[in-house]
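Let me begin by presenting the structure, written as structure tokens, before commenting on it.
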């Protein structure tokens with residue numbers, strides 16, 4: 001099964017989605033990840049990363065596609081809001097052109113605002129994978145929760 005993960009945060013940032021992705025690959029699934037340029041928690045791009053550096057790489061067998069975003073800075077106020085919005089806007093612009101093969105499930109990992117899901121909804125509506133599901137993963141304390149929806153082409157969301 002080909003699983004597309006959409007998450008603003010991913011390796012080398014330290015989030016549970018890294019472990020989830022590793023387990024999915026270990027269990028025989030093909031995993032692709034659309035994510036931003038790593039900048040959490042310091043608010044600056046990690047060494048070796050930037051708008052035009054390391055746009056595609058691999059992690060534990062998963063394909064990573066990085067889309068541009070504005071770094072979060074000190075993590076409060078306008079900079080943080082721009083960080084979230086820039087991921088959403090870049091996802092809307094770049095995601096349809098990622099040249100990914102057909103995938104079966106889109107898994108949205110959102111420890112941050114719902115804006116992470118908007119590019120995934122667009123991908124689900126525009127790609128030719130009508131049998132797939134759109135799943136939302138979230139953290140509640142130390143537990144991962146998940147909701148899955150089958151998206152109809154004639155609806156806004158589900």
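All of the numbers you see were taken from the coordinates with simple rules; none came from a lab. Computed from a predicted structure; not experimentally measured. Positions of Cβ are generated from backbone atoms using ideal geometry, with glycine treated the same way; all protein chains shown enter the neighbour counts.
Summary table below
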{"read-out": "Binned Cα-Cα distances of segment 2-149, short to long, each 10 Å bin given as a whole percent", "value": "12, 45, 37, 7, 0"}
{"read-out": "Least to most buried among 34, 17 (fewest other Cβ within 10 Å first)", "value": "17, 34"}
{"read-out": "Using a Förster distance of 25 Å, the FRET efficiency for residue 29-residue 57 (Cβ separation, nearest 0.05)", "value": "0.85"}
{"read-out": "Stretch gain in nm, segment residue 148-residue 93, where the contour uses 0.36 nm per residue and the Cα spacing is subtracted", "value": "17.4 nm"}
{"read-out": "Computed over segment 2-149: relative contact order in percent, which uses C-alpha pairs under 8 Å that are six or more apart", "value": "22"}
